[in-house]
Amino acid sequence: MNSPQTPAESRVHVIENAPERLLIAMAVALPVFMQAANPLAQVCKLVPLGEMVGAQEGNRVFFPQSGLEVTLDDIERIHLVELETPGESTLSIEFAVTGDPRALILAAPGKWTDAGSIRRRICGFSKHALAHDKYETWCRDFTREPVLCPCCSVAAAKRRADPSLHPVAAIFHHALRHGMRLRCVLKSEACGLSVEILPGELDLSEGRISLTGADGTSHVSLDPGLCHAIGVETRDLDGEAHSMLRLYDQHGHLALEISTPGKQAAAVWCQFCK
């Protein structure tokens, strides 16, 4: 008879130190799993955070090696979540920004990196324990869902009902079929993250459009219901022509930018958007 599966045990702490100190402590050579999100999109990757470039105007810091940028003043709370399962330990640091308790996550899953090493780097930080049910309640109360007018709500529901009809689904499928490498850049006032993806798998379930890289760690996902406008153009980046796709939310804010080398893709993307 199989023994019952041992449940995962989690511990949650609220970090009381300044986010800049925590980010500096995480800037080690070990790879970390990064996830950045805004209401429309989410991007993920597994790379070392790298060294931080000092705070600029608006207290925004940059990590050129990993493509991460963070506005320190926008971070309202930081949770340290430790998850223990048989044979694996995962440490996650969650940065809460207005309306999203997990706008930025830096995680050290035992499968991919040395969570113990990163844990030792932050063990001296000031923090207090938080019961898991209180943590879940806080995250639920902190979350603010996008507010749409009745007409936009109906249109959003239609786009989510069949994501395969959305132009981005066709664009991702085209990239997957032709082995087209994509650079996806998440945009928000609080944080930004760029991810290079060689498409490996396209998923259109649960009302979302998701593309996972062939490496199994890079990922981009978006909610077609909140994609209110799409722009396609060609642009020179570092002296090389690129095709660029821009996705905007219901307020007209740029939320996700997707590009690939060359001008040819832009013409194809325009056809998908008609």
Worksheet item: What pairs come up if the first residue lies in segment 1-29 and is at pLDDT 90 or above, the second is of a type in the set (S, T, Y), and their beta carbons are under 6 Å apart, counting only those six or more places apart or on different chains?
Response: V12/Y135; E16/S126
Discussion item. Can you tell me which condition Q65 does not meet? The list is (1) surrounded by fewer than 21 Cβ atoms within 10 Å (Cβ to Cβ); (2) assigned to a strand (DSSP E or B); (3) modelled with pLDDT of 90 or more, and all the others hold.
Written reply: (2)
Item to complete: Any chance you could count how many residues in segment 87-104 are more than 19 Å from V61 (Cβ to Cβ) and without any contact (Cβ under 8 Å) to a residue 40 or more places away in the chain?
Response: 6
Worksheet item: Can you tell me how many residues in segment 67-86 are more than 19 Å from P39 (Cα to Cα) and either under 13 Å from the mean Cα position of the chain (by Cα) or free of Cβ contacts under 8 Å to residues at least 12 places away in the same chain (or both)?
Response: 1
Worksheet item: Do we have any residue at all in segment 89-97 that's under 27 Å from L245 (Cβ atoms) and more than 16 Å from the chain's Cα centre (by Cα)?
Response: no
Item to complete: Return only the number of the condition from (1) modelled with pLDDT of 95 or more; (2) surrounded by 18 or more Cβ atoms within 10 Å (Cβ to Cβ); (3) within 20 Å of N17 (Cβ to Cβ) that R77 does not satisfy.
Response: (2)
Worksheet entry | Unique match (being farther than 23 Å from A255 by Cα, of a type outside the set (A, V, I, L, M, F, W, C) and out of contact with any helix residue (DSSP H, G or I) (no Cβ under 6 Å at 6 or more places or on another chain)) among E84, E69 | E84
Item to complete: Considering only segment 120-131, state which residues are surrounded by 14 or more Cβ atoms within 10 Å (Cβ to Cβ) and either small (G, A, S) or more than 16 Å from R21 (Cβ to Cβ) (or both).
Response: L130
Response to the item:
Those residues of segment 81-111 which are buried (at least 16 other Cβ atoms within 10 Å of the Cβ) and outside any strand (DSSP E or B) amount to G110
Item to complete: Go through segment 238-269 and give me each residue that's over 20 Å from A169 (Cβ atoms) and in a loop (DSSP other than H, G, I, E, B).
Response: D238, G239, H251, G252, H253, G262, K263
Practice prompt. Give D238, D249, D215 a once-over and let me know the one that is under 23 Å from L68 (Cβ atoms) and either of a type in the set (F, W, Y) or buried (at least 20 other Cβ atoms within 10 Å of the Cβ) (or both).
Written response: D249
Discussion item. Within segment 218-235, take every residue that is of a type in the set (A, V, I, L, M) and crowded, with 17+ Cβ neighbours inside 10 Å and give me the one that is nearest to E196 (Cα to Cα).
Written reply: V220
Worksheet entry | Pair list, Cβ < 7 Å and 6+ apart or interchain, from segment 32-47 residues that are at pLDDT below 95 to residues that are buried (at least 24 other Cβ atoms within 10 Å of the Cβ) and of a type in the set (S, T, Y) | none
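The values are calculated or read from the model by the stated rules, or taken from the named source; none is laboratory data. Given the structure is predicted, the values throughout are model-derived calculations rather than measurements. A quick note on method: Cβ atoms are made from the backbone with ideal geometry, for glycine too, and the neighbour counts reach across all protein chains shown.
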